[in-house]
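The values are calculated or read from the model by the stated rules, or taken from the named source; none is laboratory data. What you are looking at is a predicted structure, and each value in this text was computed from that prediction instead of being measured. Here Cβ is always computed from backbone atoms with ideal geometry, including for glycine, and neighbour counts include all displayed protein chains.
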């Protein structure tokens, strides 16, 4: 039987606001063969429906239910830890919607958690509030450790960089839920209803996608359309199962 696929988004399917050549056809081949897949992203800024609309504009026909974000993984983690809890959120709709959907109350009055994600509306006041709440005992959660992210104008500050600033000020390190934490991989596999031995992780980063897939027991495929270059692979103590130039070179129907 063909294996299920977990597919990183940026650098694998898209680069900025442009599709990787051949990537929409790869997704279409998966769908035609009836092969289950999820598109993964550490970006907690957007909801799955937002991502769906963005991908649709680039020629992808991917339903929102097939898009799994670090915000959804964070919400699933918090739901298992403390159902119907409270949180102070520094983030955007992708994160706040995910937390609302699991029944969390968002408040700045003695929350159980401070949850940090990507946002374009950082303010000294909100970050100071997060700092004070963590110092008072709120547990510190961050959606992902990425220190920079892509934008149309180049790299921008991402969740990990801001988390480091808060950690330096409070002395409290956050728990990162997104890649490379295998927790996100296991949450995605549960959503697909497949075992790690029956899944393939496709990514462009050795330090997030490939290590997360490896630690989760999955077959891994590194594509060279994103961050990692072929000559850099040997620097890491782990290796991908395969290296290909692009997802366009993969034949999913072969498993």
Original post:
Can you name the condition, by its number, that residue 99 falls short on among (1) buried (at least 17 other Cβ atoms within 10 Å of the Cβ); (2) within 21 Å of residue 5 (Cα to Cα); (3) without any contact (Cβ under 8 Å) to a residue 40 or more places away in the chain; (4) more than 15 Å from the chain's Cα centre (by Cα)?
Top reply: (2)
Subject >> Enumeration of residues in the stretch 38-61 that are free of Cβ contacts under 8 Å to residues at least 40 places away in the same chain and either crowded, with 23+ Cβ neighbours inside 10 Å or in a strand (DSSP E or B) (or both) >> reply: 39, 41
**OP:** Evaluate the following for residue 76: is it closer than 22 Å to residue 138 by Cβ, part of a helix (DSSP H, G or I) and within 15 Å of the chain's Cα centre (by Cα)?
**Re:** yes
Original post:
Residues 32, 4: which one is at negative phi, surrounded by 14 or more Cβ atoms within 10 Å (Cβ to Cβ) and either without any contact (Cβ under 8 Å) to a residue 40 or more places away in the chain or in contact with a strand residue (DSSP E or B) (Cβ under 8 Å, 6 or more places away or on another chain) (or both)?
Top reply: 4
Original post:
Among the helices (runs of 4 or more DSSP H) contained in the stretch 123-220, which hold 2 or more residues that are surrounded by fewer than 20 Cβ atoms within 10 Å (Cβ to Cβ) and under 20 Å from the mean Cα position of the chain (by Cα)?
Top reply: 159-170, 182-192
Subject >> Neighbours by Cβ (under 7 Å, 6+ apart or cross-chain): first from the stretch 196-220, without any contact (Cβ under 8 Å) to a residue 40 or more places away in the chain and not assigned by TED's automatic domain parsing to the domain that holds residue 237; second buried (at least 21 other Cβ atoms within 10 Å of the Cβ) and assigned to a strand (DSSP E or B) >> reply: none
Subject >> Which numbered condition residue 234 fails, given (1) over 21 Å from the mean Cα position of the chain (by Cα); (2) in contact (Cβ under 8 Å) with a residue 12 or more places away in the chain; (3) outside the structural domain of residue 96 (by TED's automatic domain parsing) >> reply: (2)
